[in-house]
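Asker: Before we start, here is the structure in question, set down as structure tokens.
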Protein chains: 2
Amino acid sequence: MCDTCGCSHRPESLVQIGLPGPILARNDAAAARNRERFLRAGVLAVNVLGTPGAGKTALLEATLDALGRDVRAAVVVADLATDNDARRLRRQDVPVLGLETGTTCHLAATFLEPALARLPLDDLDLLFIENVGNLVCPALFDLGEAAKVALVSVTEGTDKPEKYPVMFQHTSAFVVSKTDLLPYVEFDTAEAGRLARRLNPAIEVIPLSAKTGEGMEGWLRWIEARRRTS
Amino acid sequence: MCDTCGCSHRPESLVQIGLPGPILARNDAAAARNRERFLRAGVLAVNVLGTPGAGKTALLEATLDALGRDVRAAVVVADLATDNDARRLRRQDVPVLGLETGTTCHLAATFLEPALARLPLDDLDLLFIENVGNLVCPALFDLGEAAKVALVSVTEGTDKPEKYPVMFQHTSAFVVSKTDLLPYVEFDTAEAGRLARRLNPAIEVIPLSAKTGEGMEGWLRWIEARRRTS
């Protein structure tokens, strides 16, 4: 059991990704360096969080398709044990870097920092960081990003913001994904939004379906507004 | 940051649930005491794990309905911040104990141990322990249960066992939930089962819909078989 995250680290997984040593102070120092690096390069970094299977990769696929060559984007994608998502995203003709975290339940700024050195940051406008699928732990680790986005799909239940408050306290946007499934499930988008705003009045609620494209324009507008203000 | 689980604990949440002190050795000692307590009482304890929104509570509601008064059941239900699930289950006329874990991303045996003292274990046949919604961390914490069950819904993608291997290495049954949504999503139940069995050849794959009742008989048979052999 390592001293970074008692719940799920195997020490060897930390060695694989070059991370010895402890916890949040170290994380925050690395996050500050990452943030400075993003600012210097003029890159908007967006940390994409959510439950396993909420559709993070599908959203990024649809986003990269929509942005086309107008925006120079790249993706860092974290996964416990596979490069499935990285392989999906590599079809999009943008730089994609897969990070296997072993049993580690979140990305940390200290994991991300050495990965950034392998990306052409100065030639990018936008970096998506797809986090490990987990609605608890990743919320607490600042990566140096400009914004956090949390995905919850309509199949997961209206009360998720209330049940996972830390995530929604830390995110700028709440993407309600898979709205194409709304006819088949009980999900109240307005109420879910209300619960999220109760925790975080500034949070933007963006319902969409990456599959049908419904609502994607709201998400693309959100990215564009962030790019203009970053 | 506490010394139990660096990723997500606020010390005050540990105080709330009466848990000072460190990590897995302490957890395993408490798990051994819980296991001994379950054996002495003749209670089958089942640890129910899965993603947020996979339908853990809905499965338990349907299960308690189906078991009726033939089996003396109770539920311990963990949640970060609400008693929503505990309130749903309390409608079932069985003892239900809600544990709020704060920002802690999993149940530990040390959390469970004091809770067990508040349940009439000697008058029970079956105890369901609904864990925090998280497909990573809870798998590593033995609670003293007889069996772990992992839920993944068909909306979450076929490759989940491969992407969250630790969970499937530690579970006796893999419940593929929300099969009523199969017509509307791309999910290959046979392939998901194959991926889970590659990690854990003994795992039982049980597709079901708690909403329509389809497949519930397989789940109830699994419980009954466990009860006979425990």
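Asker: Need the list of lysines near residue A:178 for cross-linking: C-alpha distance under 27 angstrom, and skip anything on the same chain fewer than eight residues off.
Answerer: Straight-distance partners of residue A:178: A:56, A:148, A:160, A:163, A:211, B:56, B:160, B:163, B:178, B:211.
Asker: Okay, moving on. Within a 10 angstrom radius of each residue's Cβ in A:124-137, how many Cβ atoms of other chains show up on average? Whole number is fine.
Answerer: 4
Asker: OK, next. So which residues of segment A:144-165 lose at least 50 Å² of accessible area, probe 1.4 Å, when you go from the chain by itself to every protein chain present?
Answerer: A:155, A:163, A:164
Asker: Follow-up question, since we're still on this one. For Cα pairs less than 8 Å apart in space and 6+ apart in sequence, what is the mean separation divided by the residue count of chain A, i.e. the relative contact order in percent?
Answerer: Numbers: 457 pairs, mean separation 53.5, N = 230.
Over chain A, the number comes to 23 percent.
Asker: Here's a follow-up. Roughly how many percent of the accessible protein surface of the protein assembly as shown is carbon and sulfur, given a 1.4 Å probe and a whole-percent answer?
Answerer: Roughly 49 percent of what the probe reaches on the protein assembly as shown is carbon or sulfur.
Asker: Residue B:91 to residue A:25: FRET efficiency via 1/(1 + (r/R0)^6), r the Cβ-Cβ distance, R0 60 Å, to the nearest 0.05?
Answerer: The calculated FRET efficiency here is 0.85.
Asker: Just the Cα atoms of segment A:25-100, one point each, no solvent: what log10 I(q)/I(0) does Debye give at q = 0.23 Å⁻¹?
Answerer: Log10 of I(q)/I(0), two decimals: -1.19.
Asker: Continuing with this model, one more query. Can you list the trypsin sites (Lys or Arg not before Pro) in segment A:54-92 that are in a DSSP coil and have 14 or fewer other beta carbons within 10 angstrom?
Answerer: Values: sites: A:56, A:69, A:72, A:87, A:88, A:90, A:91; in loops: A:72, A:91.
Passing both the DSSP loop test and the Cβ count: A:91.
Asker: Next question. What does the buried accessible surface come to for A and B, summed over both chains, with the probe at 1.4 Å? Round to 100 Å².
Answerer: 3300 Å²
Asker: Output needed: percent of Cα pairs per 10 Å distance bin for chain A, bins running from 0 to the one holding the longest distance.
Answerer: 8, 34, 38, 18, 2
Asker: Over segment B:106-193, what is the relative contact order in percent, taking alpha-carbon pairs closer than 8 angstrom and at least six residues apart?
Answerer: This gives 30 percent for segment B:106-193.
Asker: When the accessible area of each residue in segment A:69-92 is compared between its chain alone and the complete protein assembly (1.4 Å probe; ligands, DNA and RNA ignored), which residues differ by at least 40 Å², being lower in the assembly?
Answerer: Relative to the lone chain, where solvent access is computed with a 1.4 Å probe, segment A:69-92 loses at least 40 Å² at A:80, A:84.
Asker: Could you work out the relative contact order of segment B:70-146, using alpha carbon pairs under 8 angstrom and six or more residues apart, expressed as a whole percent?
Answerer: The normalised contact order for segment B:70-146 reaches 41 percent.
Asker: Take chain A, mark every one of the GluC sites (Glu not before Pro) that falls in a DSSP loop and has at most 15 other Cβ within 10 Å, then report the longest stretch left between them, sites excluded.
Answerer: Of all site-free stretches, the longest is A:1-185.
Asker: Compute the accessible area per residue over the protein assembly as shown, keeping the other protein chains in place, probe 1.4 Å, unit Å².
Answerer: 37 Å²
Asker: For residue A:130, enumerate residues with amide H under 5 Å from its amide H, sequence gap 5+ or separate chain, H modeled in the peptide plane.
Answerer: A:48, A:76, A:77, A:78
Asker: Same structure, new question: Provide the per-residue ³J(HN,Hα) series for segment B:152-168, in order, calculated from phi with Karplus coefficients 6.51, -1.76, 1.60 and θ = phi - 60°, each as a whole number of Hz, with x at glycine and proline positions.
Answerer: Result, rounded to whole Hz: 9, 8, 5, 7, 9, x, 4, 8, 4, x, 5, 7, 10, x, 4, 4, 7.
Asker: Please identify, among B:201, B:138, B:161, the residue showing maximal mean-square fluctuation in a Gaussian network model of chain B using a 10 angstrom Cα cutoff.
Answerer: Judging by the Gaussian network model, the answer is B:201.
The values are calculated or read from the model by the stated rules, or taken from the named source; none is laboratory data. Values in this document were obtained by computation on a predicted structure and should not be read as measured data. So basically every Cβ, Gly included, is an ideal-geometry build from the backbone, and we count neighbours across all protein chains shown. Surface areas here come from the heavy atoms of the whole protein model, side chains and all, with no ligands, DNA or RNA. Shrake-Rupley method; radii C 1.70, N 1.55, O 1.52, S 1.80 Å.
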